[in-house]
């Protein structure tokens, strides 16, 4: 049995460190628009039924509105990328147009509709209590349809590893 000496060990290390970083591209969400549209539709129907007795008109508006929202959600996603960030397996995030690096916090959550990211600047090594007191949290919600399925699963895996 012979052992082969690896001469380019720095090359292997560089490949490994690059492989654990993922570039996540965020697009405008149709699901967000559909959610706001559904809430507006429900509110308008409640107002229409409460102030008048046109139940048939309310029913027609509800059916047409729901059909429109279903078509809106099912249209193929061809919108341009509006944000981009780099995510590592340890939860470090580098936003595209921000020199600051962030670290995901354990209270970040994943749901069927998207991911709620809660981050702190990575330079600050603070306890959870001092983070909440100092209000240094950066938060945003990413709808599931804003990113690719592969990026969503990576993001979900990283968030679940934190908790």
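The values are calculated or read from the model by the stated rules, or taken from the named source; none is laboratory data. Because the structure is predicted, anything quoted here is derived from the model rather than measured. FYI the Cβ positions are ideal-geometry reconstructions off the backbone, even for glycines, and counts take in every protein chain you see.
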Given (1) in the same structural domain as residue 151 (by TED's automatic domain parsing); (2) within 16 Å of the chain's Cα centre (by Cα); (3) more than 15 Å from residue 147 (Cβ to Cβ), where does residue 100 come up short, assuming only one miss? (2)
Can you confirm whether residue 118 is touching a strand residue (DSSP E or B) at 6+ places or on another chain (Cβ under 7 Å), surrounded by 16 or more Cβ atoms within 10 Å (Cβ to Cβ) and modelled with pLDDT of 85 or more? yes
Just one listed residue, out of 90, 44, is part of a loop (DSSP other than H, G, I, E, B) and farther than 19 Å from residue 145 by Cα, and it is 90
What are the pairs with Cβ atoms under 6 angstrom where one residue, in the stretch 21-43, is modelled with pLDDT of 80 or more and the other, located anywhere, is assigned to a loop (DSSP other than H, G, I, E, B) and surrounded by 15 or more Cβ atoms within 10 Å (Cβ to Cβ)? Sequence gap at least six, or different chains. 24/147; 26/147
